[in-house]
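Asker: Here it is, the structure in full.
Derivation of every value follows stated rules applied to the coordinates shown; laboratory data play no part. Since we're looking at a predicted model, the values are computed, not measured. Because the Cβ atoms are built from the backbone with ideal geometry, glycine has one as well, and the counts that use them run over all protein chains shown.
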Amino acid sequence: MKDTKILTPEKKNIEYAKDLILSGEVVGIPTETVYGLAANAFDVDAIEKIFKAKGRPQDNPLIVHICDMDMLKDITSKVSETALALGKKFWGGPLTMVLPKSDKIPRCVTAGLDTVAVRMPSHPVAIELIKACKVPIAAPSANLSGKPSPTTAKHVYNDLKGKIDCIIDGGECEVGVESTVIAVYNDSVEILRPGKITVDDLLEVVTSVKIDDGVFTKMTTDAVVSSPGMKYKHYSPNAKVVMVEGSISDFCDYVLKNADEKTGVLVFDGEESLFDKECITYGKENDSSNQASRIFDALREIDKRNLDVVYARAPKKSGVGMAVYNRLLRACGFEVKKLTKKPLIVGLTGQTGAGKSTLCDVLRQCGAAIIDCDIISREVIAQKEVLDKLKTYFGEEILNDNKTLNRKKLAERVFSEEENLIYLNSVMYPKILNKINRQIDDLTDSGYNIIILDAPTLFESGADTLCDKTISVISPVNLRAERIIKRDNLTEAEATRRINAQNDDEYYSSRSDYVIVNDKDQNNLISEAQKIFKSLSGL
Ligand code: TXA
Ligand code: MG
């Protein structure tokens, strides 16, 4: 039995950890994702100690951590252009790539696979330690197998005390969920485990991103899976956890009906006051990164509360939310209760400066969810596939010196010739619609009854076909000009040009179920918006 020490990350302690690692021992180390249990990746006996300390199944391979691109040569047999581009963009950081292994990496590290999972962390302590060791470091998360991954040195201590010599304390992990693990193909990747690096992030480098079946569905232990780690019971507190999809009010009703004195809830910040049960929170409802940084600590907290059952609010599935959902789904053993109903999808459009943003704010305050199609379109235009197509069509002149898109130049080309606009839309719209659909699914699972699609080109893009109802906000030309001059700091001529490029009132009013003429003051607009919300809610 060892007396496990928690050490500060000062130089002498890094040296101490280095000496341990190079003499074949294992050490708890911080990374930006979760704490790792580190050993020399070339040392078979040390690797065995990792499996033993964690109680990890032998067929679950480890991640090898490097501190610079040079180290890749030692551990991989081939690194494709795509992998290099991904490394350049996302390392040091929370991305792990599965690459062909070199002969130098022992088979116990990769659990007999011909591939090795590689990651360059960004945490300064991890990097300093790997640099000092001058060997790649194999490190799984430093928890007992099956338990939530550790995001503080104390978590590691609680799981592994007596089994390892020391833990370097690098503070709370910033990301909080383990790295995104991907298999890399020719210009495409497959997500084997979601993390902080999202589908959208990856689409800036590759043209397509597949999501492995194991991310959202249960794999049996004898299944042949792309990532062995996905088939094991994971992150499980002692209490049974059930994920409940639906609005907060449906969630409250469900808990009220089904709870007894040994039932707790896992909810978002600020929802505690709604329950007279044991309550654990895991971050802000609309902030997936915040939830990621809190989820594992919250799951560990459940074990301190002597509960039989915990009902958990469901996180979003998109963006970083995919990682949070995936971890919680595993903690629940895939037990999900769906309370969701089909929401009303409402398109909202109108001329620039007519008052669409104010309207959105009011509808949000009334309880509707808003999908911002401008944000979606900015995400789509950052995708490699889209950028490649635009480059081929318009030429390099639409790029900045650093090869990113020069939006102003693109806008000039698009608004000078209609054919160019048609081409741009043909590339963008299908992808935008696809993303809108995914967000609708996400918000439906969160239990929203009304979802507003805030889309300047609602009718032009065909997004209106997704809607049950449509609202247009229009306003006299002089008022619109006044507003956009003030809002966007434009000259009168610029404002007139923008306004002339827009459709007239008739275009909007002939296509919409509700038309708001915003020609009075702000209070009038607010009260019109509230009336429409009531009508949409069937009140
Ligand atoms: O953020 C992280 O990735 C943390 C920190 C410490 O770096 N590490 C971590 O390691 O989460 P671990 O061992 O808990 O998870 C490694 C995952 C497992 O799901 C494993 O199956 C998968 O990576 N993996 C490892 N090698 C693989 C390979 N060759 N092919 C497919 N999946 C692999
Ligand atoms: Mg793990």
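Asker: Which FRET efficiency, nearest 0.05, do Lys337 and Met69 yield, Cβ-Cβ r, R0 35 Å? Numbers along the way, then the final one.
Answerer: Numbers: r = 47 Å, r/R0 = 1.33.
So, using R0 = 35 Å, E works out to roughly 0.15.
Asker: Let me ask another. Are any of the pairs Lys317/Lys341; Lys11/Lys134; Lys54/Lys163; Lys210/Lys431; Lys338/Lys534 more than 20 Å apart by Cα-Cα distance, and if so, which?
Answerer: Result: Lys338/Lys534 exceed 20 Å.
Asker: While we're on this one: I want the local charge near Pro343. Using Cβ-Cβ distances under 12 Å, sum +1 for each Lys or Arg and -1 for each Asp or Glu among the other residues. Don't jump to the answer; show the numbers that get you there.
Answerer: Details: positive: Lys341, Lys342, Lys469; negative: Asp441, Asp442, Asp445, Asp468.
Net charge in that neighbourhood comes out at -1.
Asker: Would you please calculate the Kirkwood hydrodynamic radius of segment 449-527 over all C-alpha pairs and express it in Å, rounded to one decimal? Intermediate results must be reported in sequence, preceding the final value.
Answerer: On the way: mean 1/r = 0.0713 Å⁻¹.
Hydrodynamic radius (Kirkwood, Cα pairs) of segment 449-527 is 14.0 Å.
Asker: Quote the relative contact order of the chain in percent (integer), defining contacts as alpha-carbon pairs under 8 Å separated by 6+ residues. List each step's numbers first, then the result.
Answerer: Values: 1076 pairs, mean separation 73.1, N = 539.
Dividing the mean separation by the residue count of the chain yields 14 percent.
Asker: Based on the alpha-carbon gyration tensor of segment 401-452 and its eigenvalue square roots a ≥ b ≥ c, which shape applies: rounded if a/c is under 1.5, prolate if not and a/b is larger than b/c, or oblate?
Answerer: Prolate.
Asker: Measuring from label point to label point, each 7 Å out along Cα→Cβ, what is the Val309 to Asn158 span in nm?
Answerer: The answer from the label model is 2.4 nm.
Asker: For segment 345-466, list log₁₀ I(q)/I(0) at each q in 0.13, 0.15 Å⁻¹, using the Debye formula over Cα point scatterers of equal strength and ignoring solvent, two decimals each.
Answerer: -0.58, -0.75
Asker: While we're on this one: Provide Rg over Rh for segment 124-234; use the alpha carbon set for both Rg and the Kirkwood Rh (inverse mean inverse pair distance). Could you put the intermediate results ahead of the total?
Answerer: Working: Rg = 16.4 Å, Rh = 16.3 Å.
Rg/Rh for segment 124-234 comes to 1.01.
Asker: As an exercise, use a Förster radius of 41 Å and the Cβ-Cβ distance of Gln522 and Ser188 to find the FRET efficiency, rounded to the nearest 0.05. Numbers along the way, then the final one.
Answerer: Numbers: r = 49 Å, r/R0 = 1.19.
For Gln522 and Ser188, the calculated efficiency is 0.25.
Asker: While we're on this one: I need the fraction of alpha carbon pairs in the chain separated by more than 29 Å, rounded to a whole percent. Spell out each step's value before the answer.
Answerer: Numbers: 86076 of 144991 pairs.
Pairs farther apart than 29 Å: 59 percent.
Asker: Let a ≥ b ≥ c be the square roots of the eigenvalues of the Cα gyration tensor of segment 382-539; is it rounded (a/c under 1.5), or, if not, prolate (a/b larger than b/c) or oblate? Each step should come with its number before you reach the end.
Answerer: Numbers: a/c = 2.25, a/b = 1.32, b/c = 1.71.
It comes out oblate by the Cα gyration axes.
Asker: First select every other residue whose beta carbon is under 11 angstrom from the beta carbon of Leu424; then total the charges, Lys and Arg +1, Asp and Glu -1. Write down the numbers at each step before the final one.
Answerer: On the way: positive: Lys389, Arg413; negative: Glu417, Glu418, Glu419.
Value of the local net charge: -1.
Asker: Taking Cα atoms of segment 185-299, Rg/Rh with Kirkwood Rh, to two decimals? Write out the running numbers ahead of the final one.
Answerer: Details: Rg = 17.6 Å, Rh = 16.9 Å.
Radius of gyration over Kirkwood radius for segment 185-299 works out to 1.04.
Asker: Using the per-residue mean of other Cβ atoms lying within 10 Å as a proxy for protection, in what order, highest first, do the peptides 38-44, 412-418 fall?
Answerer: Numbers: 38-44: 22.3, 412-418: 13.0.
Going by the mean number of other Cβ atoms within 10 Å, highest first, we get 38-44, 412-418.
Asker: Something else now. Sorting check: for 334-343, 48-57, which peptide has the highest mean count of neighbouring beta carbons within 10 Å, and how do the rest follow?
Answerer: Working: 334-343: 14.5, 48-57: 17.8.
Taking the mean over residues of other Cβ atoms within 10 Å, the ranking is 48-57, 334-343.
Asker: In sequence order, what are the phi-derived ³J(HN,Hα) couplings for segment 71-83 according to the Karplus relation 6.51 cos²θ - 1.76 cosθ + 1.60 with θ = phi - 60°, rounded to whole Hz, with x for glycine and proline?
Answerer: Working through the residues one at a time gives 5, 4, 4, 6, 10, 10, 9, 7, 10, 6, 4, 4, 5 Hz.
Asker: Residues of segment 390-413 with amide nitrogen under 13 Å from the 7 Å Cα-to-Cβ point of Arg497?
Answerer: The answer is 408-413, whose backbone nitrogens lie closer than 13 Å to the label point.
Asker: Please give the per residue volume of the convex hull enclosing the alpha carbon atoms of segment 22-119, rounded to a whole number of Å³.
Answerer: Details: hull volume 9.3 nm³, N = 98.
That works out to 94 Å³ per residue.
Asker: Could you give me the percent of Cα pairs per 5 Å distance bin for segment 139-203, shortest bin first, beginning at zero and ending with the bin that holds the maximum distance?
Answerer: 3, 15, 22, 18, 13, 11, 9, 5, 2, 0
Asker: Calculate I(q)/I(0) for segment 89-147 by the Debye formula, one identical point scatterer on each C-alpha and no solvent, and give its log10 at q = 0.25, 0.26, 0.28 Å⁻¹ to two decimals.
Answerer: -1.21, -1.22, -1.24
Asker: A further question follows. Once you list every other residue whose beta carbon is under 15 Å from the beta carbon of Asp276, what net charge do they have if Lys and Arg are +1 and Asp and Glu are -1? Kindly include the intermediate steps, with their values, before the conclusion.
Answerer: Numbers: positive: Lys257, Lys262, Lys277, Arg305; negative: Asp253, Asp260, Glu261, Glu271, Glu272, Glu278.
Taking every other residue near Asp276 into account, the sum is -2.
Asker: May I ask for the equivalent-ellipsoid semi-axes of segment 309-371, computed as the square root of five times each C-alpha gyration tensor eigenvalue and listed largest first in whole Å?
Answerer: Numbers: eigenvalues 228, 36, 20 Å².
Working from the Cα gyration tensor, I get semi-axes of 34, 13, 10 Å.
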